[in-house]
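Below is one structure, written out as structure tokens; comments come after it.
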Amino acid sequence: MHRDSTRVIRIGDRKIGGGNPILIQSMTNTKTQDVQATVAQILELERAGCEIIRCTVPDMEAAQALSQIKRQIHIPLVADIHFDYKMALAAMENGADKIRINPGNIGGPEKVKAVVDMARERDIPIRIGVNSGSLEKPLLEKYGGVTAGGIVESALDKVRMVEELGYENLVISIKSSDVLMCVEAHEILAARTNYPLHVGITESGTVASGSIKSAVGLGIILNQGIGDTIRVSLTGDPVEEIKAAKLILRTLKLRQGGMEVVSCPTCGRTRIDLIGLAAKVERLVEGYPMDLKVAVMGCAVNGPGEAREADIGIAGGEGEGLLIKKGEIIRKVPEESLLDTLKEELDNWK
């Protein structure tokens, strides 16, 4: 497994690489200068399960806001830097636990050196990020357009720029909105480096389409043992990114814990409002810390048997349903009481 042999990098009080747990990241979409709004969003993301948070730093006011933000949150804070090396310096001065840069676009060798020197002085890791949309013209010409090989070569060129300055406290991130290209690029990169990798499908889309694209791409990448941190990039509430990331990791057996809801797709035999009930159950279980499998089934044909495979389940009938717990039918419950009954069982779970 590639991730078992990557270098261990410390980000704030967390470690990635070397077989450490895969951490879930997200990025704020507030104005970083608005400390109150940014902190409120980060705290909400923490509650959802976010373990590393990134904020954009487009100007000095945003950089200076990081110190106030950091004092009020509980997870490592990453500064996202583009074009101006001074923003990277200011972010580190104001407490960033990691900085994300593309060394090719922050102003030349001397400016890259200034950033690396301060990172070394403060032992702050640098995430070198390259997206398919930022591929340099010579590489586009060499590869005949955007390709997985070109993305990897671009990233490793940037890594060498920093390595030549004597710094190897690095994380690499290569992203593309083309799922299969992104997969191929990670396969190539994993064979050529032992730096920890942050993986994701960039610009993947809305919550619905982006979650599917991310699940496909990240599923293939992670299942090959590649990836030390992940982000599901979605156009929407970043809390949805955390939900999707947790489910991807649980599905791949890369993370334990959390409630898993399974429900049938419904058919003509369904006699209760299973679609509405399943949605309510998903919202209900978000508030419980237990590691349980909850089944919501719609009919008497397969429902009872499949619900028995879960820790607790509901199998619907004609305006009513069976409550099944640890493989045993507990009682029959009217349809309108199913959700309350499930809540009561979870509140008193033993």
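The values are calculated or read from the model by the stated rules, or taken from the named source; none is laboratory data. As the structure is a computational prediction, the values presented were derived from the model and not from experiment. Ideal geometry is used to build each Cβ from the backbone, glycine not excepted, and the neighbour counts take in all protein chains shown. SASA here: full protein model, heavy atoms, side chains in, ligands and nucleic acids out. Shrake-Rupley method; radii C 1.70, N 1.55, O 1.52, S 1.80 Å.
Assorted remarks:
- Residue match in the range 84-96 (condition: open to solvent by less than 60 Å² (accessible area, probe 1.4 Å), of a type outside the set (Gly, Ala, Ser) and under 20 Å from the mean Cα position of the chain (by Cα)): no
- Residue, most open to solvent (accessible area, probe 1.4 Å), within the range 174-191, restricted to residues that are modelled with pLDDT under 95 and not hydrophobic (A, V, I, L, M, F, W, C): Asp178
- Test: Lys213 is open to solvent by 60 Å² or more (accessible area, probe 1.4 Å) and either outside any strand (DSSP E or B) or among the acidic types (Asp, Glu) (or both): yes
- Residue within the range 102-110 that is out of contact with any Cys (no Cβ under 6 Å at 6 or more places or on another chain), at pLDDT below 90, within 13 Å of Leu170 (Cβ to Cβ) and crowded, with 23+ Cβ neighbours inside 10 Å present: yes
- Residue in the range 255-277 that is in a loop (DSSP other than H, G, I, E, B), open to solvent by 40 Å² or more (accessible area, probe 1.4 Å) and closer than 23 Å to Arg14 by Cα present: yes
- Here Val239 clears all of (1) part of a helix (DSSP H, G or I); (2) open to solvent by less than 10 Å² (accessible area, probe 1.4 Å) except the condition numbered (2).
- Number of the exception - Arg231 against (1) touching a strand residue (DSSP E or B) at 6+ places or on another chain (Cβ under 7 Å); (2) surrounded by fewer than 18 Cβ atoms within 10 Å (Cβ to Cβ); (3) among the basic types (Lys, Arg): (2)
- Selection of the range 116-160 for residues being under 30 Å from Gly95 (Cα atoms), modelled with pLDDT of 90 or more and surrounded by fewer than 17 Cβ atoms within 10 Å (Cβ to Cβ) yields Asp117, Arg120, Glu121, Arg122, Asp123, Asp157, Arg160.
- For the range 307-339, a residue qualifies if it is surrounded by fewer than 16 Cβ atoms within 10 Å (Cβ to Cβ), acidic (Asp, Glu) and outside any strand (DSSP E or B), and the qualifying residues are Glu309, Glu318, Glu336.
- Scanning the range 1-20 for residues that are in a loop (DSSP other than H, G, I, E, B) and buried (at least 16 other Cβ atoms within 10 Å of the Cβ) turns up Thr6, Arg7, Gly12, Gly17, Asn20.
- Given (1) part of a loop (DSSP other than H, G, I, E, B); (2) of a type outside the set (Phe, Trp, Tyr); (3) open to solvent by 20 Å² or more (accessible area, probe 1.4 Å); (4) under 22 Å from Gly49 (Cβ atoms), index of the condition Arg283 fails: (1)
- Residue within the range 28-51 that is out of contact with any Cys (no Cβ under 8 Å at 6 or more places or on another chain), on the phi < 0 side of the Ramachandran plot, surrounded by 20 or more Cβ atoms within 10 Å (Cβ to Cβ) and basic (Lys, Arg) present: no
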